[in-house]
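See below for the structure under consideration.
The values are calculated or read from the model by the stated rules, or taken from the named source; none is laboratory data. Being a predicted model, the structure only gives us computed values, none of them experimental. FYI the Cβ positions are ideal-geometry reconstructions off the backbone, even for glycines, and counts take in every protein chain you see. Side chains are part of the model used for accessible areas, which takes the heavy atoms of the whole protein and leaves out ligands, DNA and RNA. Shrake-Rupley method; radii C 1.70, N 1.55, O 1.52, S 1.80 Å.
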Amino acid sequence: PSRDLNRTTFYFTNIVVQDSKMNTSTWNDLEEKVRYWSRQTTQYDTLYVVTGSLLPTPPEAITYASDAFGRKAAKPKYLYKALCRKEKQTGNYHSIAFKMENSSTSTHYTRNVIAVEQLEKESGFTFFPKLPEAVQKEVKKQTDLSDWQ
């Protein structure tokens with residue numbers, strides 16, 4: 001990645017309040033694995049990764065964290081990643097999503113797998129809308145980590 005492209009990750013729109021233990025353990029493990037998957041360029045075409053957060057669902061209260069200046073920011077209840085890639089040899093698509101509680105938990109990311117389809121329902125977003133219509137529905141139901149070794 002270029003230096004200019006790297007700078008685009010430091011906008012406030014790309015920042016959320018995150019539990020520090022989660023960030024340095026389970027979330028970090030997932031991010032390391034995503035970097036590994038991104039290097040599998042001989043087997044797979046482009047890896048698409050969407051990362052985001054989900055606030056608590058009402059009536060559950062939103063909690064806030066304050067920065068060094070006392071400004072408050074909402075703390076998401078969950079963080080997620082949705083991934084999709086295409087096998088070069090077969091043309092098959094694979095997708096998977098991870099939804100992790102934003103707390104000091106030691107639950108490994110592999111125990112936080114959900115289908116992209118489920119994450120779409122929970123978030124209200126549509127992920128990977130350019131997938132061919134003929135495969136989109138089935139691909140977004142996938143939860144098998146064996147396709148992500």
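A few points about this structure:
- With Cα atoms, 0 to 90° folded angle of helix 26-38 axis to the chain main axis: 30
- Value of relative contact order over the chain, rounded to a whole percent, pairs C-alpha under 8 Å and six or more apart: 22
- Anisotropy class of segment 95-149 from Cα gyration tensor, a/c 1.5 cut: oblate
- Heavy-atom accessible surface of the chain, averaged per residue, reaches 66 Å², computed with a 1.4 Å probe.
- Descending semi-axes in whole angstrom, ellipsoid equivalent of the chain, from the Cα gyration tensor: 28, 18, 15
- Computed over segment 10-85, the Cα gyration tensor eigenvalues convert (square root of 5λ each) into semi-axes of 29, 14, 12 Å, ordered from largest to smallest.
- Highest-fluctuation residue, ASP67, ASP29, ASP19 considered, GNM on the chain with Cα pairs under 10 Å: ASP67
- When +1 charges are put on Lys and Arg Cβ atoms and -1 charges on Asp and Glu Cβ atoms, the dipole computed for the chain relative to its Cα centre reaches about 260 debye.
- Sites listed here are GluC sites (Glu not before Pro) in segment 1-61 whose DSSP assignment is loop and whose Cβ has at most 11 other Cβ atoms within 10 Å: GLU60.
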